[in-house]
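Throughout, read-outs are computed from the coordinates displayed, never taken from laboratory work. Quick caveat, the model's predicted, so the values are computed rather than measured. We place every Cβ from the backbone using ideal geometry, glycine too, and count neighbours over all the protein chains shown.
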Amino acid sequence: MSSPDTIFGVAAAARSTFVGSADSYDQLMGRYLPSLGPAFADVAGIRAGMRVLDIGCGPGGLTTVLAQRCGAAQVAAVDPSAPFVRACRARVPGVDVRPGVAEDLPYSPA
């Protein structure tokens, strides 16, 4: 059960750290993702048929690569920033994108 200082299981401190817009993120970090995203997925061995989770997905740069490789239905993503969650959902349709942090993933145990 979430404490009063959490929303959707995301601690207030984590949410307040990530208040920038998706466009601002794109200008800073997102510009590197067209080359870094595929390289990261290659090193991690991501391939078709895998089910993957992108923790700290931001507005969806790496999530897009994962969905292209594995299929959107095979990808889940979390981020503590509500604007980033909205952006990722819009940019990568079919991916299960939720607000959350690595320490408290918003999924039932398998």
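Site pair V43 and L105 shows an inter-label distance of 2.1 nm when each label is modelled 7 Å from Cα along Cα→Cβ. Under the simplified labelling scheme, the S35-D23 pair shows an inter-label distance of 2.6 nm, with each label point 7 Å from Cα along Cα→Cβ. Computed on the stretch 33-110, with alpha-carbon pairs under 8 angstrom and 6+ residues apart, the relative contact order is 28 percent.
Summary of the geometry: the stretch 43-61 and the stretch 24-40, compared by the centres of their Cα atoms, lie 14 Å apart.
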